[in-house]
Amino acid sequence: MNTKIFTLILCVLLSLSIALLSGCERVRDIISPADTSTPSTLKVGLIHPEVNYVSFGKGAELARAEINQNGGVLGMQVEFIYRQETTETVVASATELVEEHNVVALVGPVFSTHAVKVAPVIQRPILPGATGANVTETGDFIFLVASPNALQAELMAEFAVNELGATTAAIIWQDLDVYSIGVVEAFDANFQQRGGSIVAKEVYKKGDTMFDMQLAAVQTANPDVLFLASFPPEVPPLMKQARDMKIQSVFIGGDGWEDPLMFDILADNAPLENSYYYTNFDPTAVEFISAYEAMFGIPADGIAASGYDAMRLLAMGIEAAQSTNPVAVRDAVAAITDYKGAVTISHFDEKRHPVKKTASVWQIVDGKPQAYSGLMSDSSEPTETP
């Protein structure tokens, strides 16, 4: 065979090989188009603590289970990717969830001090358990699901004056905490606006176990009410030490008290007796309450309600937007009206705060919380935010 004929045959065989290969690749692309397939799951980042306020995650899990049972969101099953909420890691965890796992949104974190760190760096919808009124000022994609602390403080100031007949108040709060600082400022302004006097203001640091110096100032001032604008595990021993010092002030607080840990720290909860606190829990939401107890075998609370509503509101926003585009979802959530879930939300205001139909105060009786029958009132935005 001469060289020209051999070269011609070789070229023909090479051309046929290329054509066959291209045809196989086209068939493979038709059968399995890798880049255009619809994902089977909708990934959502869930951030909450492991020790306290764990009911936030449980509430979100209940909502996720209900949503998935009803067909998911845009035909996709919701998948949570959980990260523990800590001061040291919360920003890194939120960033990892977005950049490495491509979550469509974040449910959580719970603490306002953490939410204000996450909001500026995450450009996806964030529905936290946080209630700091200034949280939504720190980012364009973050909402409040529960009532802001300024509204809580306004209600508790009104409660102290009108229901308890208080004319003097002392305040103790956790230093450097965004929620505590905001609620203290609002309570101070609203209590004085109603004719009351603030006679002592003291702070403690997270992790403190002794409060002698702070309580000595309260003992001297002898206020009608002592507003504890902070959280367990510090609040119960602080209350016990106050009673041991014969301080007779009525204890009042915000939704920071709303955690089962509040009632598990002391061997005897007598020091907590006849104290009052603001709650985001709606005892008339019987479907949520029943479903939560059936799923977890424990009573629901306001923190669980926030987790439940956060996930449901997110799902509603994505469905309304018919997209997972962050801007479209954010705008769709902001446009939700007449929402009924664990709580009832009329609408979101321009600050992305929920405007709710009701607010309530709970009383601690026999070492356990129960609804205070004297106050279940209409709720809206604060009349004045300091």
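Rounded if a/c is under 1.5, else prolate if a/b is larger than b/c, else oblate: which is segment 259-326, with a ≥ b ≥ c the root eigenvalues of its Cα gyration tensor?
On the way: a/c = 2.93, a/b = 2.43, b/c = 1.20.
It is prolate, given that a/c is not under 1.5 and a/b is the larger ratio.
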Along the dipole axis of the chain (charges at Cβ: +1 for Lys and Arg, -1 for Asp and Glu; origin at the Cα centre), the most positive-end residue among Pro326, Val355, Tyr308 is Pro326
Rounded to the nearest Å, the spacing of the alpha-carbon centers of segment 66-99 and segment 146-172 is 35
The helix 178-193 Cα axis meets the longest alpha-carbon principal axis of the chain at an angle in degrees, between 0 and 90 and rounded to 10, of 40
Per the C-alpha gyration tensor (a ≥ b ≥ c, the square roots of its eigenvalues), the chain is rounded if a/c is under 1.5, else prolate if a/b beats b/c, else oblate; here it's prolate
With +1 on the Cβ of every Lys and Arg and -1 on the Cβ of every Asp and Glu, the dipole magnitude of the chain about its Cα centre, in debye rounded to the nearest 20, is 1100
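For the chain, calculate the relative contact order in percent as a whole number, restricting contacts to Cα pairs under 8 Å that are 6 or more residues apart. Present the calculation step by step, with values, prior to reporting the outcome.
Working: 743 pairs, mean separation 62.6, N = 386.
So the answer I get is 16 percent.
Ordered by packing density, taken as the mean number of other Cβ atoms within 10 Å over each peptide's residues, highest first, how do 263-271, 160-168, 142-150 rank?
Details: 263-271: 13.7, 160-168: 17.0, 142-150: 28.1.
Final packing ranking: 142-150, 160-168, 263-271.
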Calc'd 3J(HN,Hα), segment 71-79, phi into Karplus 6.51 cos²θ - 1.76 cosθ + 1.60 (θ = phi - 60°), Hz, glycine/Pro = x, comes to x, x, 10, 6, x, 10, 6, 7, 10
Mean Cβ-within-10 Å packing, highest first, puts peptides 273-281, 303-311, 96-104, 223-231 in the order 303-311, 223-231, 273-281, 96-104
Applying the gyration tensor rule to the Cα atoms of segment 142-223 (axes a ≥ b ≥ c; rounded if a/c under 1.5, else prolate if a/b exceeds b/c, else oblate), the class is oblate
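Bear in mind that the values in this text are calculations on the coordinates, not laboratory data. On a predicted model such as this, the values are computed, not experimentally measured, just so you know. All Cβ positions, glycine included, derive from the backbone under ideal geometry; neighbour counts span all protein chains shown.
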